[in-house]
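Worksheet: one structure, shown below.
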Amino acid sequence: MAARLLDGTAAALAIRAELAPRIADFTRRAGRQPGLGIVLVGDKADSQIYVTNKLKSAADEGIGATLSHLPADASLDQVLTLVRMLNADPATDGVLVQSPMPEALGSTAMQSIFDAIDPAKDVDGFTPVNVGRLVQNRADLVPCTPAGIIELLKRSAIDIAGKHAVVIGRSDIVGKPLATLLLHRHATVTVCHSRTVDLQEVAATADILIAAIGRPGMVRKSFVKPGATVIDVGINRVTDPAVARELLGDRSARYEGFVKRGSAVVGDVHREVADIAGALSPVPGGVGPLTIAMLMANTLRAAEMRLIDTIVDRR
Ligand code: NDP
């Protein structure tokens, strides 16, 4: 039996349609659009694509997004100065620094940057204050990809409470916050990583299996309990024709696209999983569009909270 496909594009469109009147209302009340300040350092092709998509979505949504682009050899001080300027700018409600940073800035650069972002403008939800609030189940700004996954489950009427959720991946941006959100929604959560023993057996006990690994097609049928819900978070660019044939199927339109372009984006979940899962969020068209929709939601939320604070301050 083929899995029900969880349509992230449709869910993202629905979320954005729900945001539209709130954005219009904010713009009327504040006399300006919600503002998102995006910082990009360097010229990494994938990061540029992500940033372009975020700017376009913001423009479509009536959010005023600006891009500050620093060269790849920018210093950490330059990045921090820019972040502080955005923190201080009254028309900027959200500050987002696109990761990863150029390696030359050192392995702790991203952490220093998150430490510098004003938690009230932290639309990625990565600052220590917002991570703490998330753990305490009182977050205002929740990391976008995990929040998008919860929205997808909710809007697809997939129960979380009482279910066994297995999250493969323990990063600060996906795995850990997602495990926390699932726990708050009363799932029994297992978090797996590269040192997990018997990963396949553990995964196969999941009612909800989430793959946030960054390894093309790693999750095979044998990882999946029949009927389980599988969420593929992975975004992996493949250029090897043999790998593309295996993961896309050599008769598919996507494989034809690979042949034309020389690369394709695939998830962490092998296509054979569709034969055994009950529901499956695919790549592309699953979690990706929701991540951007949740960024718009967080920007509006930050703007609304700041507007309320301004009104209270004026009293
Ligand atoms: P990270 O590289 O930060 O984390 C990967 C995690 O996978 C780590 O916890 C790692 O374990 C684990 N892992 C790696 N190899 C294995 C293995 N063989 N067996 C078990 N666990 C393994 O990646 P991110 O969390 O940032 O991203 C994960 C994927 O999601 C990537 O493909 C990324 O592009 C994608 N992504 C998609 C987004 C979207 O909008 N759709 C947004 C963000 C990310 P360990 O901790 O032990 O190293």
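Just a few scattered comments:
- Candidate set: segment 182-193, residues that are more than 16 Å from the ligand (Cβ to nearest atom) and not polar (S, T, N, Q); chosen: the one nearest to Ile150 (Cα to Cα): Arg185
- Within segment 70-83, residues that are loosely packed, with under 12 Cβ neighbours inside 10 Å reach partners that are of a type in the set (Val, Ile, Thr) and at pLDDT 95 or above with beta carbons closer than 9 Å, at six or more positions or on different chains, in the pairs Pro71/Val41.
- Applying a threshold of 6 Å to beta carbon distances and a minimum spacing of six or more residues, or different chains, the list of pairs starting in segment 258-274 at a residue that is farther than 20 Å from Asp207 by Cβ and ending at one that is among the charged types (D, E, K, R) and within 14 Å of the ligand (Cβ to nearest atom) reads Ser263/Arg237; Val265/Arg237.
- Boolean, Thr196 is more than 13 Å from the ligand (Cβ to nearest atom), among the β-branched types (Val, Ile, Thr) and assigned to a loop (DSSP other than H, G, I, E, B): no
- Every residue from segment 99-118 that is within 18 Å of Pro177 (Cα to Cα) and surrounded by 19 or more Cβ atoms within 10 Å (Cβ to Cβ): Phe114
- Candidate set from segment 36-68 (those that are free of Cβ contacts under 8 Å to residues at least 12 places away in the same chain and polar (S, T, N, Q)); member that is surrounded by the most Cβ atoms within 10 Å (Cβ to Cβ): Gln48
- Just one residue in the set Leu183, Leu152 is among the hydrophobic types (A, V, I, L, M, F, W, C) and surrounded by fewer than 18 Cβ atoms within 10 Å (Cβ to Cβ); that residue is Leu183.
- The single condition among (1) at pLDDT below 95; (2) crowded, with 24+ Cβ neighbours inside 10 Å; (3) not small (Gly, Ala, Ser) that Leu295 does not satisfy is (1).
- Test: residue in segment 273-281 that is out of contact with any Asp or Glu (no Cβ under 7 Å at 6 or more places or on another chain), at pLDDT 95 or above, farther than 30 Å from Lys176 by Cα and surrounded by 13 or more Cβ atoms within 10 Å (Cβ to Cβ): no
- Residues that are touching a Ser or Thr at 6+ places or on another chain (Cβ under 7 Å) and surrounded by 17 or more Cβ atoms within 10 Å (Cβ to Cβ) within segment 231-257 comprise Ile231, Asp232, Val233, Val238, listed in sequence order.
The values are calculated or read from the model by the stated rules, or taken from the named source; none is laboratory data. Keep in mind the model is a prediction, meaning the values are calculated, not measured. Cβ coordinates were reconstructed from backbone atoms using ideal geometry, including for glycine residues, and neighbour counts include every protein chain displayed.
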